[in-house]
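Worksheet: the structure to be examined is printed underneath.
The values are calculated or read from the model by the stated rules, or taken from the named source; none is laboratory data. Predicted, not measured: the structure shown is a model, and the values here were computed from it. Methodologically, a virtual Cβ is constructed for each residue, glycine included, from the backbone with ideal geometry; neighbour enumeration extends over all protein chains shown. These accessible areas exclude ligands, DNA and RNA; they are computed on the full protein's heavy atoms, side chains included. Shrake-Rupley method; radii C 1.70, N 1.55, O 1.52, S 1.80 Å.
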Amino acid sequence: MNKIYRKLNKYFSIFKVSVMDRLAYPLELLYSNIFILLITLVMSGVWRVVYANQPDKIISGFSLAGMIWYVFMTELILTSNPSIIGEIGEEIKSGNVAYALAKPYSFVGYYFGSILGKTFINFITKLFVGVLVLICFIKLPSLNLFIIFAVIIAIILALVLNFLVSATCSLLAFWVEDVDSMRFIYQKILFIGGGLLFPLDVYPIFLQKILHYLPFEGILYGPARTFVNFDLAYWQALVLRQTIWIFIFIVLIKIVYAQGIKKVNINGG
Amino acid sequence: MEKIIEVKNLNKEFTSKIKLSGFRNSLKALFKPEYQQMKAVDNISFSVAKGEKVAFIGPNGAGKSTTIKMLTGILYPSSGEIRVDNLVPWQDRKKLAFKIGTVFGQKPQLWYHLPAMDTFYLFGKIYELDQAKFQKRLNFLIDKFQVREFVNQPVRKLSLGQRMRCEMIASLIHQPKILFLDEPTIGLDVVAKQQLREVLNLMNKEEETTIFITSHDAGDLEKIADRVIVIDRGRVIFDGTVKNFKDKYAWYKLIDLELADNHASEKLNLRGVKILAQDKLSLKLEVDIKKISVKEVIDKLLNIYQIADITIAEMPMEEIIANIYEQNLQKIK
């Protein structure tokens, strides 16, 4: 038990140091995270026009205010994660991955702690700035303590899942070296399949069904919908799906990394 | 003496893609890539005793870095055996990581925007150290390395010398048995180099830390190492004490003469002796000791000149190293 605690504690310590590192320049942190307001403003302008033509002021179960909060939430999750694929991919491409082998930690585990540290602090800053401004103009969705707890769980799982999917893509750098194109493709898939710009509910039913079985729904749509239109049954299914995907990607990363690291052994030096 | 590193018949080959220049060859390489086998390490064997300070030197591309990477478990060898503190590095990487410290001059481990202290605490957790032991060790190292006054300043604000001392602390925090250093003094000024060397010697003396260092700096060799291994194109070409190293590769000595009388008109003509500088009351000579002995030269000088003072100096270590590297280049050409 003590051994497991020490192992987990080392990655949590990396997380804490990463948080401290991100807090080293508080003003820069604030400037770089204010951008979310601009995106939300533009998107809310677009949705206002769309809603103006809707007689019942509801689209796929979302009111205008709900839709703006939805867009804010998906943007919040997406933009809180710094470029994971680029960051890990660069470490592999430059050969720096080899240095991690001489230290008693896992390479992916180290980046898990360090990237989630940055993500966490970006998320909090954006959330604080965004909510503070948005509540001046639109009403908050109806929340209670349980819903807040449910949303926090869904968001944590979403951030972890996003890290794992991104890390899997970045590990392909062992073979293709440059993973920039991978980052581009993943982002676009997330835009559409994850429901960044509009909720998955606007798609035809068959497409929605397919998307529910892919990991991207659990990264953006799931937590945002839980925040805006809470539904206990949906939340339970979401958390289950997120957990399964997290497990699948952990196994996948282990396999891909074990194969990839042999490549370093061949090319290194 | 207990052996802490044992290397037997170690080989490492790399396969690299080759492509000739030009558009046509680029297309050809796309469909029919050609590969070349390169031997980076060629059947080397050596052992290092516990507490020894070994300098591992050689020109660029000689195989130093590849060897260090195999010793630290980063690379698999193509064939041969390595044991580091009774562990096979590439099989027992994580176990070995607790026993070794690494300082790669070009790969900093400190968090740049945070005080070095934060990295030390992080390393305490990474190496799973007991809190009380860690605190005691940290205080000990902070005092030895004299970093207390700047250890709480962000790393980006430290000088390179201060930063390198903190890097060393990060590598020694878990009290490793062996410290691998790859070019640790690169870019440091004279004082910083001296401080670093002093501390390394101290750690070696007080904790019997084995030191394995690669460097192009002659001072590191003279001030730290008690043994030198020279590697050239993947092969060990010398393995012995620093003194033996000088004896083998130093091909000249310098003689400085202060003369009692003006001997400017006297001509010195000896095979193997080159006049480097001459004026009325002094003479500087380079003696090729493979052609003529120093004793012979001094005998002749005493016959010709009235000598007030004489100094004999050895060939500077930097030149010895440069000489080996040049020989290597010529062989390649």
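Computed from Cα positions, the angle between helix A:107-134 and the longest principal axis of chain A comes to roughly 20 degrees.
Here is the P(r) of segment B:3-247: all C-alpha pair distances, binned every 10 Å from 0, give 7, 29, 32, 20, 9, 3, 0 in whole percents. Averaged over the residues of peptide B:105-112, the number of Cβ atoms from other protein chains lying within 10 Å of each residue's Cβ is 2.
Which order do peptides B:295-307, B:141-153, B:167-179, A:218-230 fall in by mean Cβ count within 10 Å, highest first?
Top of the packing list down: A:218-230, B:167-179, B:141-153, B:295-307.
Name the chymotrypsin sites (Phe, Trp or Tyr not before Pro) in segment A:137-218 that are in a loop by DSSP and that have at most 11 other C-beta atoms within 10 Å, would you? Taking segment A:137-218 and a limit of 11 other Cβ atoms within 10 Å, the loop chymotrypsin sites (Phe, Trp or Tyr not before Pro) found are A:137, A:213. For segment A:135-145, 3J(HN,Hα) computed residue by residue from phi via the Karplus equation (6.51, -1.76, 1.60; θ = phi - 60°) reads 5, 6, 10, 10, 6, 5, x, 6, 10, 9, 4 Hz, glycine and proline entered as x. Sites listed here are trypsin sites (Lys or Arg not before Pro) in segment A:108-165 whose DSSP assignment is loop and whose Cβ has at most 13 other Cβ atoms within 10 Å: A:139.
Taking beta carbons within 10 Å but only from partner chains, what does the mean come to for residues A:53-60?
Average neighbour count from other chains, rounded to a whole number: 0.
Among B:62, B:277, B:250, the largest mean-square fluctuation in a Gaussian network model of chain B (Cα springs under 10 Å) belongs to B:277.
Once the protein assembly as shown is represented by equal point scatterers at the alpha-carbon sites, with solvent omitted, what log10 I(q)/I(0) does the Debye formula produce at q = 0.06, 0.07, 0.08 Å⁻¹? So the normalised log intensities work out to -0.47, -0.60, -0.73. With all protein chains kept in place, the per residue accessible area of segment B:3-247 amounts to 45 square angstrom at a probe of 1.4 angstrom.
Scanning residues 5 or more positions from residue B:238 or on other chains, those with amide H under 5 Å from its amide H are B:230, with H placed 1.01 Å from N in the peptide plane. Selection among B:1, B:18, B:293 by position relative to the dipole of chain B gives B:18 as farthest towards the positive end (Cβ unit charges, Cα centre).
Solvent-accessible area of segment B:3-247 (1.4 angstrom probe, protein heavy atoms only): carbon and sulfur portion equals 49 percent.
Where only DSSP H runs of four or more residues are counted, chain B gives -11000 deg cm²/dmol as its mean residue ellipticity at 222 nm, each run worth -39500 (n - 2.57).
To the nearest ten degrees, helix A:232-267 and the longest principal axis of the Cα atoms of chain A are 30 degrees apart. Computed over chain B with a Gaussian network model linking Cα atoms closer than 10 Å, the most mobile of B:121, B:249, B:35 is B:35.
Quote the relative contact order of segment B:3-247 in percent (integer), defining contacts as alpha-carbon pairs under 8 Å separated by 6+ residues. Relative contact order of segment B:3-247: 27 percent. Centre-to-centre, using Cα atoms only, segment A:131-200 and segment B:252-312 are separated by 80 Å. With the convex hull of its Cα atoms as the shape, segment B:108-205 has an orientation-averaged projected area of 5.9 nm².
No solvent, one uniform scatterer per C-alpha: report log10 I(q)/I(0) for chain A via the Debye equation at q = 0.07, 0.12, 0.14 1/Å, two decimals. Debye output, listed in q order: -0.27, -0.78, -1.04. Between the C-alpha center of segment A:57-96 and that of segment B:90-151 there is a gap of 36 Å. Interface A-B: total buried accessible area of about 2900 Å², 1.4 Å probe, protein heavy atoms only. Between B:53, B:32, B:157, the residue with the greatest mean-square fluctuation in the GNM of chain B (Cα pairs under 10 Å linked by springs) is B:32.
To the nearest 10 degrees, how steeply does helix A:64-80 sit against the main Cα axis of chain A, on a 0 to 90 scale? Taking Cα atoms only, the helix is inclined about 10 degrees. Under a 5 Å amide H cut-off, with hydrogens placed 1.01 Å from N, residue B:41 pairs with B:12 among residues at least 5 apart or on other chains. Inter-part distance, segment A:32-56 to segment B:1-71, computed on C-alpha centroids, equals 58 Å. Coupling constants for segment A:149-163 follow from the phi torsions by the Karplus curve (6.51 cos²θ - 1.76 cosθ + 1.60, θ = phi - 60°), and in residue order they are 4, 4, 5, 4, 4, 4, 5, 4, 5, 5, 5, 5, 5, 4, 4 Hz; glycine and proline get x.
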